[in-house]
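*Asks:* Next up is a structure, given as structure tokens.
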Amino acid sequence: MSVLILVGAQWGDEGKGKVTDWLAERANMVVRYQGGSNAGHTVIRGGQTFKLHLVPSGILYSHVQCVIGSGVVIDPSALLSELGALQKGGISLERLSISRTAHVTLPYHRRLDHAEERQRGGAAIGTTGRGIGPTYTDKVNRAGVRLLDLLDREVLTARLRAFLPPKNALLTQIFGEPPVDLCETLEEYLAFGEKLRPFLADVSLDISKAVRRGDAVLFEGAQGTMLDLDAGTYPFVTSSHPVAGGACLGTGIGPTAVDAVLGVTKAYTTRVGSGPFPTEMRPNEAENLRMAGGEFGTTTGRARRCGWLDAVVLQHAVRMNGLTSLALTKLDVLDTFSEVKLCVAYRLHGKVIHHVPDSVEDLAACEPLYDTHGGWLTSTSSARNPDDLPAAAQSYLRAVSAVVGVPISLVGVGPEREALIVNESPWSGRH
């Protein structure tokens with residue numbers, strides 16, 4: 001087998017959970033490499049629905065070792081709640097390990113996240129308010145707390161005494177918020193540390209051993225390429241690196257260990273939060289697609305903005321991640337549309353371009369240029385082989401692959417894990 005990185009090829013919410021679930025059954029190890037509890041995967045299995053925010057989807061398989069890497073930021077309360085829900089659902093946690101050096105979201109991170117968003121007013125980014133951005137800020141500023149710090153009262157006390165006063169000054173003097181209590185936070189997080197102690201490990205060593213053994217190792221990211229801190233629509237981005245390179249940074253593997261990169265895209269496009277969105281539909285049309293696709297956030301329940309598939313964005317994702325193939329999900333959501341549009345270029349200030357502009361101001365000014373395809377107006381949900389699809393749906397998939405420049409290895413035609421068409425193995429690497 002090989003090392004496969006799975007990334008979102010749009011603005012997140014592409015259906016990565018379903019694809020990860022299918023791939024995990026064929027893997028020995030599944031590793032989450034970035035993001036925090038601001039992300040979510042919904043996996044339907046055995047009639048049960050699991051909403052996973054931090055734990056890799058492979059936890060649902062008894063043979064898969066699951067790892068949370070150092071690139072993930074962890075809210076202990078959210079993680080423990082998720083672990084409790086998994087145990088209640090009959091899922092064993094014995095195969096889960098968490099990096100000792102992963103950074104921790106503290107109460108002041110969440111409070112500052114909300115306060116900063118309110119201060120931005122009309123320029124708000126649209127964060128989930130989970131404290132992810134402030135946690136990553138402190139990590140980069142070398143003022144962060146890591147999980148291993150929660151295991152030592154003396155160390156955690158020193159960290160909080162150093163870091164808490166300036167945070168409280170911000171909260172009270174700038175934002176008019178009450179301060180965070182040091183003693184309460186200390187005791188709460190020491191208790192979190194004891195509960196998480198059995199899971200903590202130097203996971204980079206375990207990952208390296210699995211790679212050297214030739215195990216099938218799957219790296220799963222949260223969010224998507226267009227939310228990447230460098231590759232995305234800055235500043236309307238997340239605070240980490242969802243792109244394939246983030247897997248190396250967030251787990252401790254080198255890029256030469258990677259054999260294939262699978263990008264996940266919907267058959268259309270969605271995004272949550274603020275920022276430019278060239279193919280966004282008119283409200284009535286978007287509402288039809290939103291209801292048909294159940295386009296509401298796993299983590300927040302927020303309605304997702306909806307639009308036609310943007311192949312310019314997908315080409316950007318191919319380049320930024322080195323994608324070797326695509327998994328296209330939710331094809332069935334388009335079953336009732338009499339025509340289906342595919343954005344193949346933009347018009348910016350009178351000039352046709354085939355790339356995503358660097359500035360969000362330019363991207364917001366882009367007019368999408370579409371190729372229009374006839375709809376198939378019949379259900380695709382029972383299709384399990386490529387030839388089962390209506391001719392018009394097959395034609396649409398060929399057009400997407402041709403414009404984007406990589407093959408489509410998997411096609412999703414429903415929320416159930418078996419509602420999947422396999423064109424070729426995404427583990428097979430570069431073509």
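The values are calculated or read from the model by the stated rules, or taken from the named source; none is laboratory data. Remember, predicted model here, so these are calculated numbers, not experimental data. No Cβ is skipped: glycine too gets one built from the backbone with ideal geometry, and neighbour counts run over all protein chains shown. Areas reflect the complete protein model, heavy atoms only, side chains present, ligands, DNA and RNA absent. Shrake-Rupley method; radii C 1.70, N 1.55, O 1.52, S 1.80 Å.
*Asks:* Give me the percent of accessible area attributable to carbon and sulfur for segment 233-358, probe 1.4 angstrom.
*Replies:* On the way: 2400 of 4650 Å².
Taking all protein chains in place, segment 233-358 shows 52 percent carbon and sulfur surface.
*Asks:* Quick one: Debye curve from the alpha-carbon atoms of segment 319-431 only, equal weights, vacuum; give me log10 I(q)/I(0) at q = 0.12, 0.23 Å⁻¹ to two decimals.
*Replies:* Computed log10 I(q)/I(0) values: -0.51, -1.24.
*Asks:* Shifting gears a bit: Give the ranking of Glu116, Glu82 by solvent-accessible surface, highest area first, calculated with a 1.4 Å probe.
*Replies:* Numbers: Glu116 55, Glu82 15 Å².
From most exposed to least exposed: Glu116, Glu82.
*Asks:* Please compute the Kirkwood hydrodynamic radius over segment 188-283, one decimal place, Å, based on all pairs of different Cα atoms.
*Replies:* This gives a value of 16.4 Å.
*Asks:* Å³ per residue of the Cα convex hull, for segment 141-200? Working shown, then result.
*Replies:* Numbers: hull volume 5.2 nm³, N = 60.
Convex hull of Cα atoms, per residue: 87 Å³.
*Asks:* How large is log10 of I(q)/I(0) for segment 350-415 at q = 0.14, 0.21, 0.22 Å⁻¹ when the intensity is taken from the Debye formula with one equal scatterer per alpha-carbon?
*Replies:* -0.61, -0.94, -0.98
*Asks:* Say the cut-off is 28 Å between C-alpha atoms; which of Lys88/Lys209; Lys51/Lys195; Lys88/Lys195; Lys51/Lys266; Lys18/Lys88; Lys18/Lys341 go over it?
*Replies:* Those over the limit are Lys88/Lys209.
*Asks:* Separate question: Diagonalise the Cα gyration tensor of segment 270-381 and give the resulting equivalent ellipsoid semi-axes, square root of 5 times each eigenvalue, largest first, whole Å. Show your work: numbers first, answer last.
*Replies:* Values: eigenvalues 108, 59, 49 Å².
Semi-axis lengths for segment 270-381 are 23, 17, 16 Å.
*Asks:* Further question on the same structure: Taking a 1.4 Å probe, which of Glu94, Glu177, Glu416, Glu14 shows the most accessible area, and what order do the others take after it? Write down the numbers at each step before the final one.
*Replies:* On the way: Glu94 170, Glu177 50, Glu416 80, Glu14 0 Å².
Correct descending sequence by accessible area is Glu94, Glu416, Glu177, Glu14.
*Asks:* Moving on. Starting from the eigenvalues of the Cα gyration tensor, five times each then square-rooted, give me the equivalent ellipsoid semi-axes of segment 1-71, largest first, whole Å. Working shown, then result.
*Replies:* Working: eigenvalues 55, 48, 30 Å².
They are 17, 15, 12 Å, listed from largest to smallest.
*Asks:* Let me know the shape class of segment 236-297, please: from the alpha-carbon gyration tensor, a ≥ b ≥ c as square roots of the eigenvalues, rounded when a/c is under 1.5, otherwise prolate if a/b is greater than b/c, or oblate.
*Replies:* On the way: a/c = 3.34, a/b = 2.33, b/c = 1.44.
Prolate, because a/c is 1.5 or more and a/b exceeds b/c.
*Asks:* Roll a 1.4 Å probe over the protein heavy atoms and report the accessible area of Ser395 in Å², nearest 10.
*Replies:* About 50 Å², rounded to the nearest 10.
*Asks:* While we're looking at this one, here's another question. With every protein chain in place, what's the accessible area of Asp388 (1.4 Å probe, Å², nearest 10)?
*Replies:* About 80 Å², rounded to the nearest 10.
*Asks:* What is the chain's relative contact order, in percent, from Cα pairs under 8 angstrom and six or more apart in sequence?
*Replies:* Values: 974 pairs, mean separation 86.5, N = 431.
Over the chain, the number comes to 20 percent.
*Asks:* Using helices alone, what [θ] at 222 nm do you get for the chain, with -39,500 (n - 2.57) per DSSP H run of 4 or more residues, divided over all residues and rounded to the nearest 500? Walk me through the numbers on the way to the answer.
*Replies:* Numbers: 12 runs with 134 residues, N = 431.
Computed ellipticity for the chain at 222 nm equals -9500 deg cm²/dmol.
*Asks:* Only Cα pairs under 8 Å and at least 6 apart count here; give the relative contact order of segment 365-431 as a rounded whole percent.
*Replies:* Result for segment 365-431 is 30 percent.
*Asks:* Quick one: accessible area per residue over the chain, 1.4 Å probe, rounded to a whole number of Å²? Mind dumping the intermediate values first?
*Replies:* Working: 17150 Å² over 431 residues.
Per residue, the chain has an accessible area of 40 Å².
*Asks:* Separate question: Under unit Cβ charges (Lys, Arg +1; Asp, Glu -1), what dipole magnitude, rounded to 20 debye, does the chain have relative to its Cα centre?
*Replies:* Working: 42 positive and 45 negative charges, 86 e Å.
Dipole size: approximately 420 debye.
*Asks:* Whenever you get a sec, line up Ile44, Ile91 from highest to lowest accessible area (probe 1.4 Å, protein heavy atoms).
*Replies:* Descending accessible area places them as Ile44, Ile91.
*Asks:* Another one. How big is Rg to Rh over the chain, alpha-carbon atoms, Rh as the Kirkwood inverse-mean-distance radius? Write down the numbers at each step before the final one.
*Replies:* Details: Rg = 21.6 Å, Rh = 22.2 Å.
So for the chain, dividing Rg by the Kirkwood Rh gives 0.97.
*Asks:* When only alpha-carbon atoms are used, what values of Rg and Dmax, in angstrom, describe segment 77-211?
*Replies:* Radius of gyration, then largest Cα-Cα span, for segment 77-211: 16.6, 50 Å.
*Asks:* Calculate I(q)/I(0) for segment 38-153 by the Debye formula, one identical point scatterer on each C-alpha and no solvent, and give its log10 at q = 0.10, 0.16, 0.18 Å⁻¹ to two decimals.
*Replies:* One equal scatterer on each Cα of segment 38-153 leads to -0.35, -0.82, -0.97.
*Asks:* Roll a 1.4 Å probe over the protein heavy atoms and report the accessible area of Thr372 in Å², nearest 10.
*Replies:* Rounded to the nearest 10, that gives 80 Å².
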